[in-house]
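Chemist: Here it is: the structure, laid out below.
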Amino acid sequence: MNSSKYNNESGVLIMENVIEIKKLSKSYEMGDTEVKVLDEIYLTVKKGEFSSIMGPSGSGKSTLLYLIGGLDKPTSGTIEIDGEELSSMDDKQESIMRRRKVGFIFQFYNLIPNLNVEENILLPILLDGKKMKNHKNELDEILDIVGLTERRRHTPRELSGGQQQRVAIARALINDPEIILADEPIGNLDSKTGTGIMELFAKINKQKGKTILQVTHSKEAAEYGQRIINIKDGRVLLS
């Protein structure tokens, strides 16, 4: 589905919503008590937007990200990714959506220790049933973007934390997803390394046109995006 269109009168390109959330709630049962984590969230994210979700611990920001990525299911409400509602997909369709339309980056890099940089990056290609040799050009381009061309044969234990996160970012990009979801992507890094990662996100957003939605505690990191979405007590605060 095309997520942008032109206004016929002005000729101006209008960016459409790639994520649409309506009346989204999430609750968990703890014994006889219902704990509401998200409370009727409404949110839209436009194609090519770089947005940051901020809020205190326990506000529901990571839960929201996992719901958008199909890693968890809502109690009620709807989530549309590029015009397709997640709840209308079966498990197979949702799995394909996660592999092809969404790239995930986590605080802990989740790399396979005995695979080298190239192999870790190409893992989603293998899981999608594609031939890795057909993606050499994409691999070379992404390695260049994340600055790891010279480290392509190294294993994770031979890399710094920042380099491991760059591998995770490259892995999220290899299937050319429209959306990148990042949960505290610099939470495990020192400030200098974190700044380098955020500059890389800004570069990917600008050069590749990727929609990036990150959860962060860092105001400095949040300000790399064009919009900050504040969440408190499971609700989006009006800005």
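Chemist: Helix-only estimate, please: 222 nm mean residue ellipticity of the chain, summing -39500 (n - 2.57) across DSSP H runs of length 4 or more and dividing by its residues, to the nearest 500.
Modeler: Roughly -9500 deg cm²/dmol at 222 nm, from the helical runs in the chain.
Chemist: I've got another one for you. With a cut-off of at most 11 other beta carbons within 10 Å, and DSSP calling the residue loop, which trypsin sites (Lys or Arg not before Pro) in the stretch 78-162 qualify? Please list them.
Modeler: LYS131, ARG153
Chemist: Please find, in a Gaussian network model of the chain (springs between Cα atoms separated by less than 10 Å), the residue of LEU181, LEU126, LEU64 whose mean-square fluctuation is greatest.
Modeler: For the chain, modelled as a Gaussian network with Cα springs under 10 Å, the answer is LEU126.
Chemist: Further, regarding this structure: Please work out the C-alpha center-to-center distance from the stretch 39-93 to the stretch 207-239 and express it in whole Å.
Modeler: One Cα centre to the other: 13 Å.
Chemist: Let me ask you something else. So in the chain, what percent of DSSP beta bridges are antiparallel if you round to the nearest 5?
Modeler: Roughly 55 percent of the beta bridges in the chain run antiparallel, per DSSP.
Chemist: Work out how far the C-alpha atoms of the stretch 137-187 reach from end to end along every principal axis, then list the three figures in whole Å, largest first.
Modeler: Taking max minus min along each principal axis of the Cα atoms, the stretch 137-187 gives 31, 29, 13 Å.
Chemist: Give me TYR224, TYR42, TYR66 ranked fewest to most by other Cβ atoms within 10 Å of their Cβ, as a rough exposure proxy.
Modeler: TYR42, TYR66, TYR224
Chemist: Along the charge dipole of the chain, Cβ charges K/R +1 and D/E -1, which of LEU181, GLN93, ILE53 sits furthest on the positive end?
Modeler: LEU181
Chemist: Another question, if that's okay. Using Cα springs under 10 Å in a Gaussian network model of the chain, which residue among GLY69, GLY196, GLY161 shows the largest mean-square fluctuation?
Modeler: Looking only at GLY69, GLY196, GLY161, the biggest GNM fluctuation is shown by GLY196.
Chemist: Search the structure for amide H atoms under 5 Å from the amide H of GLU16, placed 1.01 Å from N in the peptide plane, and list their residues when 5 or more places away or on another chain.
Modeler: Close amide H contacts, sequence-distant or interchain: SER4, LYS5, LYS47.
Chemist: Could you name the aspartates and glutamates whose alpha carbon sits less than 16 Å from that of LYS130, not counting residues in the same chain fewer than 8 places away?
Modeler: List returned: GLU118, GLU119, GLU138, ASP176.
Chemist: Now, a different point. Which of (i) 23, 23, 19; (ii) 32, 26, 14; (iii) 29, 22, 19 is the computed semi-axes √(5λ) of the Cα gyration tensor in Å for the structure on display?
Modeler: The value computed from this structure is option (iii).
A short reminder: the numbers here are calculations on the coordinates, not readings from a lab. Note that the coordinates shown come from a computational prediction; the quantities given were computed from them, not determined experimentally. Please note: Cβ atoms are built from the backbone with ideal geometry, for glycine as well, and neighbour counts cover all protein chains shown.
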